[in-house]
Amino acid sequence: MVTCFRDGTVTLRKNRRTTGFTEALQEIGYQGIRKGDLVIHAMDAFAGAIGVSDSDGKSTPVYAVCQPSADADAHYFAFILREMSRSEYLLSLAKGIRERSTDFRYSDFASLEVPMPSTDEQAQIVRFIRHLDLRVNRLVKAKRRLIELLNEQKQAIIHRAVTRGLDPTVPLKSSGIEWLGKIPEHWEVKPLKCVFREVDERTTTGDDEILSVSHLTGVTPRSQKNITMFMAESYVGHKKCRPGDLVANTMWMWMGALGVSHVEGILSPSYAVYRPKANAPVHGAFLDMLARTRLYIDEYTKYSTGIRPSRLRLYPEQFLRMPVLLPPLEEQVLICDHLRLATQDIVATIGKANGEIDLIREYRTRLVADVVTGQLDVRHLDLPDLDAQLVGVADLDSFDDPNDEDGGDDEDE
């Protein structure tokens, strides 16, 4: 199976990852793709899902598969079409009825006029961009590795505090649950159903703040996220949540896509919303951190049901039976206050590194745009051919975020 990703990578699905895809029950009518074919995702071209396949395989018929003529470098045309995507020119040609959605078929783009340099200049442009990406990717990978290590350090600090408390001398007792192990003797363990109830409130106007639920950021306003997602024609009938509600993406719980909302807003009807019961001894910030520890995320997978890893669902009945650690309410508040101070420098450093990555992306985007549109002449630069066997696949990976999904199936949808 060949998949076209939003970052321009077109490769065998197994080369990228094996979970998180929407999979067809039958693949009758799928089309062949050959290495070197230009592939355009008809429904997701607006988000950059355009590239050259690095493998032979098969794909969904929603892709347009194009073979280059003798005077065309498929990689150059992938770059120029992705620039059309970035500038939202392709979006202006959209025929879809939903915002941020396209139906960009071959008949729509076959007659588009694009810059047509000589074959030598096309090859030089491609060579220049590959050299640029090689250098940029190495820098970005180093910063992502730093962020990964910092996140691991942050999670270790959080895990220790929300499962053992702040006092290392406090006596411990058995929690009675194997995977929870020992806990402070004055803490309680209760099923989630004792402190939360499922609610199903619906918006009648659809004008509320649209919220997103991610394994990376928890519950956040969609307006604060730099992602491309399909927009519904109407949000009337979507679920509502209030501050303090625990919101779970039932399709992505195995990745930890849940969190406690700090704002009021609306969500996909497929999400589950849990509200604290009256006088429930739970502090929202404490539960948000506890529920997203690796300890709990591993259990979500065990409690989930489904025929394939990418189709696992954690339904409310199973989720509400899970145990939750409950220190005294005042201690939950103290733990959260302590963790804010203990992790603030780590959070600041992560934010700085992410900001630097954003600046590098902006520089790369501007430079590529100037090159593929002829604003910057690279014909006379001395650029040796890249030998992928020597450089290594990792250095030639796509530049964009590896968490980007294929085909519009954003992690939050």
Scope the range 137-180; condition over 20 Å from Thr293 (Cα atoms) and of a type in the set (S, T, N, Q); matching residues: Asn137, Thr169
Do we find a residue being at pLDDT 95 or above, in a strand (DSSP E or B) and not polar (S, T, N, Q) anywhere in the range 171-178? yes
So, in the range 63-92, exactly how many residues are out of contact with any Pro (no Cβ under 6 Å at 6 or more places or on another chain) and part of a helix (DSSP H, G or I)? 16
Say whether the condition of being surrounded by fewer than 22 Cβ atoms within 10 Å (Cβ to Cβ) and part of a strand (DSSP E or B) is met by at least one residue in the range 240-260. yes
Are there any pairs with C-beta distances below 7 angstrom linking a residue in the range 96-110 that is on the phi > 0 side of the Ramachandran plot and assigned by TED's automatic domain parsing to the domain that holds Ala42 to a residue that is among the basic types (Lys, Arg) and at pLDDT 80 or above, with the two at least 6 apart or on different chains, and if so which? none
Just to be sure I understand the filter: pairs with C-beta atoms under 6 Å, separated by 6 or more residues or on different chains, first member in the range 200-217 and at pLDDT 85 or above, second member among the hydrophobic types (A, V, I, L, M, F, W, C) and loosely packed, with under 13 Cβ neighbours inside 10 Å. Which pairs pass? none
It is to be established whether one or more residues within the range 128-136 are among the aliphatic types (A, V, I, L, M) and farther than 21 Å from Val52 by Cβ. no
Residue list for the range 281-298, restricted to those being more than 22 Å from Trp179 (Cα to Cα) and in contact with a helix residue (DSSP H, G or I) (Cβ under 8 Å, 6 or more places away or on another chain): Pro281, His283, Ala285
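The values are calculated or read from the model by the stated rules, or taken from the named source; none is laboratory data. Because the structure is a prediction, the values reported are computed rather than measured. Don't worry about glycine lacking a Cβ; one is built from the backbone with ideal geometry, like all the others, and counts go over all protein chains shown.
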